[in-house]
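The structure appears right after this line, and notes come after that.
The values are calculated or read from the model by the stated rules, or taken from the named source; none is laboratory data. Bear in mind that the values here come from a model prediction, so they are computed numbers and not experimental data. Note that each Cβ is placed from the backbone with ideal geometry, even for glycine, and that neighbours are counted across all protein chains shown.
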2 protein chains.
Amino acid sequence: MAYPQNSHLQTTFTTPGFISRRREVVYSTTLLYQLKVLKTTGRYDAFKLKWHASYNDEPDVWPVPNHLFWDSDVAKWIEGACYFLQYKENQEIESAVKELVEMIRSAQQDDGYLNIHFTVVEPGKRFTNLRDLHELYNAGHLIEAALAHNQYYGNDLLLEPILKYVDLLSLTFGPDPEQKHGYPGHPEIELALLRLYEKTRDLKHLKLARYFIDERGNPKGQDGRHYYDVEAEVRGDRPDEMPKYFPEKRSYWYQQAHKPIVEQENIEGHAVRAMYLLTAVSDLVRVDKSEDAETKRTAVERLWNNMVQKKMYLTGGIGAIKQWEGFGIDYFLPSGTDEGGCYSETCASIGVMMLAERLLQLDLDAKYADIMELCFYNAVSTGMSEDGSKFTYVNQLASSDTDLSRRAEWFTCACCPPNVARLLGYVGGYLWTPSSDEKNNTVQVNVHTYASATLSISVGEHTVQLEQTTNWPWDGNIRFELQSPEAISTTIRLRIPGWAKEWTISPEDKQHASKVTKGYLTLSPDFVRTNSSFQLNIPLKPRCISPHPYTNQNIVALARGPIIYCVEDFDNPWVKDHFKNLVLDPECEISETDVESTEPYKNLTVRDGATLLQVPEPSGPYVAHDEETFVKADIQKLHFIPYALRDNRGGKGHMRVGLRRKSTRV
Amino acid sequence: MAYPQNSHLQTTFTTPGFISRRREVVYSTTLLYQLKVLKTTGRYDAFKLKWHASYNDEPDVWPVPNHLFWDSDVAKWIEGACYFLQYKENQEIESAVKELVEMIRSAQQDDGYLNIHFTVVEPGKRFTNLRDLHELYNAGHLIEAALAHNQYYGNDLLLEPILKYVDLLSLTFGPDPEQKHGYPGHPEIELALLRLYEKTRDLKHLKLARYFIDERGNPKGQDGRHYYDVEAEVRGDRPDEMPKYFPEKRSYWYQQAHKPIVEQENIEGHAVRAMYLLTAVSDLVRVDKSEDAETKRTAVERLWNNMVQKKMYLTGGIGAIKQWEGFGIDYFLPSGTDEGGCYSETCASIGVMMLAERLLQLDLDAKYADIMELCFYNAVSTGMSEDGSKFTYVNQLASSDTDLSRRAEWFTCACCPPNVARLLGYVGGYLWTPSSDEKNNTVQVNVHTYASATLSISVGEHTVQLEQTTNWPWDGNIRFELQSPEAISTTIRLRIPGWAKEWTISPEDKQHASKVTKGYLTLSPDFVRTNSSFQLNIPLKPRCISPHPYTNQNIVALARGPIIYCVEDFDNPWVKDHFKNLVLDPECEISETDVESTEPYKNLTVRDGATLLQVPEPSGPYVAHDEETFVKADIQKLHFIPYALRDNRGGKGHMRVGLRRKSTRV
């Protein structure tokens, strides 16, 4: 199965671990908590198409009404709920899904149109501002909800109205003269349409996805001009009347629409949009074997490399710039607000995971899986509190007085909370990519990351089952148990993380048939036939990492396996300045301790390796080299906690990932 | 005399030095070159009030027409020309001044109004957009031109129409209900009105300056609302129709009008505006002994300290942000475009000098003079080429492929070139502040910086004359010669720069009556009576300086005396990357060499102290500490040139001031 949203059904989590515990929290708390918030904020009933008082509010981010995304909030909740219902039934969740589906069905207009804002608030203005107004984005999330709903219930109650809506969209958008040559300002529908196509095999769905992707950024798409220019002129916008997120006129790079995707050299603009778009482009490359597929693949790889090498934080977060919630220039990666910015939206790193998973299907290279795992255990997991009822939108790497390290109960623009929930619903699909060939009786399993779980693969009448047992990411020992009928030839590929200095497989492969290609160790059918139980061992030791020197961040952070650590005031209560003056010796000795908690984890402690900078107070813009900084006090014990688990224990909200690196002068 | 624009008449430059050579270049080349450009671009004839083809151009910076500043370009040239005419007569310059004055007189409307744009292009719209449209800014420069013209010619040909215009402004703006409660978006007229008041002693001029200053930022100034809000509403602006320099709606901090000046905590917004405003505020404090003078003084000092300690570059440049040509957050000081920005406009540092000079009159503290001198020899002097015919607007501390280290022949917004010229016209007024008391027969001279020059001070019938002879800033020996009649008691205060580790005065002051207070060594009347010839010696040695650690710029730069150095490709031709990978050991040995040139200077050379960073190419956002950077090649000789003298010798335009600082790992 090509999509993790489908293949997750083959995975069963077994003994409790990081992932399964997070899933349990979502099931027992988050879904119901979010349902309550949907109800109290008006989102739940919005598809009834009645006026809500908040529709009168001035937009926080002009020209985008605050309620514009409500369709997608509901859709993402339904999608996540349906994944979790596969795992365990729940009456309250089921009734809510049922009622929401009824409301959505009843909200559909005669011609198939289905959108809250453009039915209730601005009924005459549908499809007049694709650039800013998230109409097709909402449609995309409705498609994804319908697919999840159909997967769980096996009926078309939600899929049917959505297909009708997609029919309307297919009539409305396309290359014909009477069609609009537009495409969404916020990509999402493209990836949803491709998933829909896999379900329906209706070429209309593939065609519309491809149109949105290929037409994007066409400088002469509508009447010889850029679609967004024509659209703005028709609306009567004045040229200098700019959305809040545009730093200047026609900042279409914000929407990755400044030029066709295949011509884009660097990753630009709104980070979530970029990730959703490239996920769809990668998927189109896989599905659509047309001539320009290779050009598209090259473009995605180019943009991926630019992103992970030059525009990604240590945590897997992306986006340094608040104004457009997205990418700055190469290597511009300040740690927090008081150093120049840091955005790193939760949804954006969820998007990186989506993209990485697509790319792994095109090219099995552990560099993609490394980043997928980095995002999951850090930038994404930090987005939800241990108890599952508080969330982040922005994930800075250092707190400041204006932006403390704190989660919130909800957001006006509430994309992130339900996105984390639905991700955890199908996260099993990210563990591994199984495939089988019934004709040749072969099975292949590419294992991208590790967790106690079982994978079932049907090959004709046969079933192959692979089980991993591990305490990853805290422990690097992973035991595998393969149950494969004699008739089936199974190949298993295990990812060796890029950060792993050493690893062993046992029993040893005495034939030396196993080899590591692009970060994946291939275990041959012969090996696994002989050794149905085998172990991968990747010793996990704390290590010091730094961003690229061009970032001008002369900092060092601690990592252990895929986990990135931070310091918090909770167990370093002396801090008063967000650890701004803390200096760490990268040659320090680091000890680790197991901590019992809802999510048991390993904390790290540095003894006698940290000092404080005494900051001079010059009367001008410089200090002489020999008068410079010196040590004020030694920190006997400096405590580190995984970044994902920050802000779960109270405290003042002081936190930092990267600490000043000790140099000769300090 | 309270203004350097007046007191410069007391100073005569003697043996050639840095300053007098720069002045000679302006006199022999720059003024005539700029006159030619004024003519070819249409500025020269603009006061004839005919239509110019360029008036149809779309503005580069909406909503500001490109030609909006033409009045001030002409005015600044007249002002500078009149200062230089005091120095040497020149027929071509005199005729141009004469003709321009005639055109300005003829351009005045019956009611006194005097502005090109609002007479020719938008005649119905005068005083409808004070926030953006530089109307009063132009008026301020006309006032300053009229004062300089009157000073040289001793007639009222220019002053007369200007006084008539000021009368109209005094009627138009003020606290009365029928008056407009507005103030200029770009301060300048305030400082000009205060200078005018000194000349006219007409309280109306003081009152209008004070009104503009006190009313600024009043949240309820017009009809209970902010003046700029009311003004925008009357114009029919839409709320999200934003000037290009506004990052969001109502970014009135851009104009330092977000709150009253006395309530402003940090220096914000457009750097030139801030400097011109605070110059006027400081001067008002001096002139106006009303109750809130101390509050104003405290505010200016607070904003000064914030600026020089947290928002100033090593060169004395200010303003990191291109969008609003101004200040970013504290300590945000990247070196160039590819590191996050760097603006450092020439005019802004000229403004710092203006402000520092005002502050020195309120509080004789060398911290102000240190910055005044730093700006002059670096951020300001770099603004004009050695030959006086090329200029900068932006002065970054590191070049990049998009912004090479290059001067230009002119700018659409041409504030900087004539600003440098007029500054050099009256720069003698910055050397020292003389004052005398005829009643008590005393003279005081506060010497702020050093150059071969003579100062004459009249005390009743007597004349005191102080001469300095020095090759400053290249040599730290300054010989003084005082000619003071027996009847006069003269006190001399010599600035000891903050960066000076050591200094001597000779002959020795055996009475030990001399002492250093706030960076000024006071030589008593007794001492100078006995020692009419004395010498100050400040050994000048190359030194390493760094910006504050909070800037996250782990860099080191070379300085010698007040001069900040840079590396250029001209004598380091191996460079291909703008010295981005260059690493300097701050413990290096630095040798100096005299270089013969139009402006002779000392270059610096580091032998075996520089290396190149080998930059790793990781597949993700971090590198492990132990795999990090290492040295690629040693640079046997690294050559440095004063930043002010960059880009005078050709080359590729690669330049950098601050180099990566060598640490343990490199």
When segment B:463-502 is checked residue by residue, the ones that are modelled with pLDDT under 95, more than 14 Å from chain A (Cβ to nearest Cβ) and surrounded by fewer than 21 Cβ atoms within 10 Å (Cβ to Cβ) are B:PRO485, B:GLU486, B:ALA487
Worksheet item: Going by the structure shown, is B:ASN150 surrounded by fewer than 20 Cβ atoms within 10 Å (Cβ to Cβ), assigned to a helix (DSSP H, G or I) and either free of Cβ contacts under 8 Å to residues at least 24 places away in the same chain or in contact with a helix residue (DSSP H, G or I) (Cβ under 6 Å, 6 or more places away or on another chain) (or both)?
Response: yes
Only one of (1) more than 13 Å from chain B (Cβ to nearest Cβ); (2) surrounded by fewer than 19 Cβ atoms within 10 Å (Cβ to Cβ); (3) under 30 Å from B:HIS548 (Cβ atoms); (4) of a type in the set (D, E, K, R) does not apply to A:ASP577, and that is (1)
**Prompt:** Are any of the residues in segment B:614-636 in a strand (DSSP E or B), closer than 30 Å to B:THR346 by Cα and either within 26 Å of the chain's Cα centre (by Cα) or away from chain A (no Cβ under 11 Å) (or both)?
**Reply:** no
Flagged pairs (Cβ under 6 angstrom, 6 or more apart or on separate chains; first in segment B:373-391, β-branched (Val, Ile, Thr); second part of a loop (DSSP other than H, G, I, E, B)) are B:THR382/B:ASN395
Given the conditions (1) surrounded by fewer than 17 Cβ atoms within 10 Å (Cβ to Cβ); (2) assigned to a loop (DSSP other than H, G, I, E, B); (3) touching a Phe, Trp or Tyr at 6+ places or on another chain (Cβ under 7 Å), every one holds for B:ASP110 apart from (3)
inquiry  = On the basis of being at pLDDT 95 or above and in contact with a Lys or Arg (Cβ under 8 Å, 6 or more places away or on another chain), does A:SER619 make the cut?
reply    = no
*Inspect all residues belonging to segment A:312-332 and state whether any of them is within 13 Å of chain B (Cβ to nearest Cβ), closer than 22 Å to A:ARG210 by Cβ and either not in a loop (DSSP other than H, G, I, E, B) or not small (Gly, Ala, Ser) (or both).*
no
Only one of B:ARG661, B:ARG656 is at the interface with another protein chain (Cβ under 8 Å from one of its Cβ atoms) and modelled with pLDDT of 85 or more, namely B:ARG661
- Item | Residue in segment B:548-571 that is at pLDDT 95 or above, more than 14 Å from every other protein chain (Cβ to nearest Cβ) and over 31 Å from the mean Cα position of the chain (by Cα) present | no
Residue set B:LEU374, B:LEU423, B:LEU360; condition out of contact with any Gly (no Cβ under 7 Å at 6 or more places or on another chain), buried (at least 24 other Cβ atoms within 10 Å of the Cβ) and assigned to a helix (DSSP H, G or I); output residue B:LEU423
Subset of segment B:205-226, residues charged (D, E, K, R) and touching a residue at least 12 places away in the same chain (Cβ under 8 Å), comes to B:LYS207, B:ARG210, B:ASP214, B:GLU215, B:ARG216
Check: Is it true that B:LEU9 is under 26 Å from the mean Cα position of the chain (by Cα), at pLDDT 95 or above and of a type outside the set (Asp, Glu)?
Finding: yes
Could you go through segment B:298-307 and let me know if any residue there is within 15 Å of the chain's Cα centre (by Cα) and not charged (D, E, K, R).
yes
Picked from segment B:333-357 (must be away from chain A (no Cβ under 14 Å) and part of a loop (DSSP other than H, G, I, E, B)), the residue nearest to B:ARG195 (Cα to Cα) is B:GLU345
Of the residues in segment A:211-249 that are within 14 Å of chain B (Cβ to nearest Cβ) and under 26 Å from A:VAL281 (Cα atoms), the one that is nearest to the chain's Cα centre (by Cα) is A:TYR245
Filtering segment B:113-134 down to residues that are part of a helix (DSSP H, G or I), out of contact with any His (no Cβ under 8 Å at 6 or more places or on another chain) and crowded, with 20+ Cβ neighbours inside 10 Å yields B:PHE118
Reported set for segment B:227-263 where residues are over 19 Å from B:LEU191 (Cα atoms), touching a residue at least 40 places away in the same chain (Cβ under 8 Å) and not in a helix (DSSP H, G or I) is B:PRO243, B:LYS244, B:TYR245, B:PHE246, B:PRO247, B:SER251, B:HIS258, B:LYS259
Note on A:GLY269: of the conditions (1) in contact (Cβ under 8 Å) with a residue 60 or more places away in the chain; (2) in contact with a helix residue (DSSP H, G or I) (Cβ under 7 Å, 6 or more places away or on another chain); (3) more than 9 Å from chain B (Cβ to nearest Cβ), unmet is (1)
Within segment B:354-368, the residues that are under 22 Å from B:LEU558 (Cα atoms) and either in contact with a helix residue (DSSP H, G or I) (Cβ under 6 Å, 6 or more places away or on another chain) or basic (Lys, Arg) (or both) are B:LYS367, B:TYR368
query = Does B:LEU536 satisfy being modelled with pLDDT of 95 or more and more than 13 Å from chain A (Cβ to nearest Cβ)?
reply = yes
Heads up, the strands (runs of 3 or more DSSP E) in segment B:535-600 (entirely inside) with at least 2 residues that are touching a Cys at 6+ places or on another chain (Cβ under 8 Å) are B:555-560
Within segment B:13-51, the count of residues that are touching a residue at least 60 places away in the same chain (Cβ under 8 Å) and either at positive phi or not charged (D, E, K, R) (or both) comes to 25
Out of (1) touching a strand residue (DSSP E or B) at 6+ places or on another chain (Cβ under 7 Å); (2) at pLDDT 95 or above, the one A:LYS515 does not meet is (2)
Going through segment A:9-43 in order, the residues found to be of a type in the set (A, V, I, L, M, F, W, C) and within 14 Å of A:LEU431 (Cβ to Cβ) are A:LEU9, A:PHE13, A:PHE18, A:ILE19
By residue number, the members of segment A:39-73 that are among the aliphatic types (A, V, I, L, M) and surrounded by 22 or more Cβ atoms within 10 Å (Cβ to Cβ) are A:ALA46, A:LEU68
Of the candidates B:LEU208, B:LEU158, the one satisfying the condition of being buried (at least 19 other Cβ atoms within 10 Å of the Cβ), at pLDDT 95 or above, touching a strand residue (DSSP E or B) at 6+ places or on another chain (Cβ under 9 Å) and of a type in the set (A, V, I, L, M, F, W, C) is B:LEU208
Output for Cβ contacts, cut-off 8 Å, separation at least six or different chains, first residue closer than 18 Å to B:VAL464 by Cα and touching a residue at least 24 places away in the same chain (Cβ under 8 Å) in segment B:1-12, second part of a strand (DSSP E or B) and aromatic (Phe, Trp, Tyr), reads B:THR11/B:TRP432
